[in-house]
1. Which whole-Hz ³J(HN,Hα) couplings does the stretch 8-14 yield from phi under the Karplus relation 6.51 cos²θ - 1.76 cosθ + 1.60, θ = phi - 60°, glycine and proline marked x?
2. Under 8 Å for C-alpha pairs, at least 6 residues apart: give me the relative contact order for the stretch 1-123, rounded to a whole percent.
3. For the chain, what does -39500 (n - 2.57) per DSSP helix run (n ≥ 4), summed and divided by total residues, give at 222 nm, in deg cm²/dmol to the nearest 500?
4. Can you list the HN-Hα couplings for the stretch 566-571, worked out from phi with the Karplus curve (6.51, -1.76, 1.60; θ = phi - 60°), rounded to whole Hz and with x for Gly and Pro?
5. Please tell me which of these pairs span more than 25 angstrom C-alpha to C-alpha: K250/K561; K444/K478; K218/K561; K218/K250; K250/K444; K240/K561?
6. Sequence neighbours fewer than 8 away in the same chain don't count; with that in mind, list the lysines whose C-alpha is under 23 Å from K76.
7. So what are the stretch 482-587's ellipsoid semi-axes, whole angstrom, largest first, if each one is the square root of 5 times an eigenvalue of the alpha-carbon gyration tensor?
8. Could you go through the stretch 131-144 in sequence order and give the Karplus-derived ³J(HN,Hα) for each residue, using 6.51 cos²θ - 1.76 cosθ + 1.60 with θ = phi - 60°, rounded to whole Hz, and x for Gly and Pro?
Amino acid sequence: MNAADYLNALHNHIDIAHVPFSDRGSRLLVFRYPFQSGLYVKLAERLTNLEPDIEAYLHRPPFLQELYLIDSDGYKLEFEVTTSPYRLQFHTRLGDFEMVFQDQQTLALGLPPDTVCGVRFRAFPQYWSSTAQGGKFMSVRNLFYNTTGEVEGNRILPVEGGYEVEFLVNTGKDCTISIGIHPSERAVTPLKPFSVLHTAAEQRWHAWFERVPEVDPKYARTYAYAWWIMANNLISPQGKVTYEAMTPSKLGYVGLWLWDSALHSLAYRHIDVELARNQIRAMLAHQLPNGMLPDAIYDDGIVATIDHPIIGEVTKPPILAWAVLKLHETEPDIDFLSEVYVPLVRLNAWWTSMNDDDGDGLAQYNHPYSSGLDDSPLWDEGMPVESPELNTYLCVQMGSLAMIAEALKMDAEGAMWRRRAAAMVTRMIEHFWDPEAGLFWALKNHVPVRVVTPFNLYPLWTGQLPNEIRDRLLDHLKNPEMFWGNFMLPTVARNDPHYDPQTMWRGPVWANINYFFIEALHQIGENDLANQLREHTLEMIMGQRDIYEFYDSETGAAPPKAVNIFGWTAAVYIDLAIQASRESRDE
């Protein structure tokens, strides 16, 4: 398929009642009201200077509301909408209106020719609320609107908390109305005819899809949508976000998250390795003095501590060195390895020195969110917990640091990392391994947390287990009463009393965890099992119209709380589809 084919595959695939029409780098999200011929625009920004609660953005009202297309008498025009990655078309009785992004902060509307029509909308450029002894008004963003047509009416009326604008123009030929939302005053630039803006938008998206590797036809439609997500979820540098980088979802996770960024880089390496490297740089830019990396970064700040469900420092699992090595394998760059090596060593030192209260050489989680497995039953008994999956990540991380050191001609340092990784495997067997259960248990106060999850099998990924231990773990993995099946791998074993197929990390399938197991299985020579898991993962994601955060492990559907247009699921899908397609062509 070529770029035009991918764009055609997404014709009317994007349902703007549930999925935002946005653009690479933009923080503007355009939605349609369900069952109405009206639009609204939300901001993919946390704006904690307005509300300190870092999750307030999830509930903030739209910046633009009740955006209607209107006729010369001000009556609302009913429309049917046709969507594509670069354009919305609104079919009305006056003819077609169209919308594209003029730039990251500006929407452009093309109007039917030789008529009088326009838009009506409500804007809320200020945030206001009452306080205990009064109230406050604060600036949110500035709004600009403009046209290439002849202005017939321009009415602005105050409404509670904002303004209603009714803007009518005599369209003539090739008329544009622009609506810009900006953080500060800006110089007004000449507005171009809509045909010019339309062509530019189409060319931007054509250029994006032109770079994607070819995959087998059965993967193509979801693959096209996944690549749309990889562009649509990018935000431009602003504030603490120092590189163009990808949010997990402009809907539900506004900011950059640590292990998400590593996984996003896996997809970007196939089309733009520098963009992939910048996902790593964006996180390392905010490394703390003690070597820790924050959990998340957003325009106005970083998240390195959280006060729920307990107060503590919060980060995410250490997989950056592993991701860096994958980028290097795709397009070697010694300068990049040299740039990131010391920060990655400092991160590893923070985990091994600052998170080992009992000094046994095994790291612990002090906050459940640092695991990325926020509500896993592994943490139900409280913190801290020494976990086999954390120490497996560290083992993989040290193996990756060894290869980076050797690429930098530091062979002695590489050998040191390999010794440390092997020693950690030995300690995991000594402390976590239960030969009777055939599992690696997490430990709370040196007592096993007897919840069966795929994370009890994680040391497979080290590739260094004795055969008898490896085989016991594989038996559990292949057991359909536990993990194997049509929809796998559940994040709690099906026969465990804590299993809940719809609740986040208590049973649903997560594509990133499957990806780690696919890699682990290939590493130990279980290629048929790895390929089976890969194909089941791809089919599960293809089974839904959208791409979700997690999936019901009984039905493969998205549970109600699973966020859509989800980044690492899209990234994993892309990488696995490319793997599978290359192997099928090599057969």
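1. 5, 5, 9, 4, 6, 7, 8
2. About 23 percent, as a whole number.
3. -11000 deg cm²/dmol
4. 8, x, 6, 5, 4, 5
5. Long pairs (Cα-Cα over 25 Å): K444/K478; K218/K561; K218/K250; K250/K444; K240/K561.
6. Excluding near neighbours in sequence, the set is K42, K173.
7. Details: eigenvalues 103, 56, 21 Å².
Whole-Å semi-axes of the equivalent ellipsoid: 23, 17, 10.
8. Per-residue couplings from phi come out as 10, 4, 10, x, x, 8, 10, 9, 6, 9, 8, 9, 10, 10 Hz.
FYI, it's all coordinate maths here, none of it is from the lab. In this text the structure is predicted, and so the values were computed from the model without any measurement. Here the Cβ is made from the backbone with ideal geometry for all residues, glycine too, and neighbour counts use every protein chain on show.
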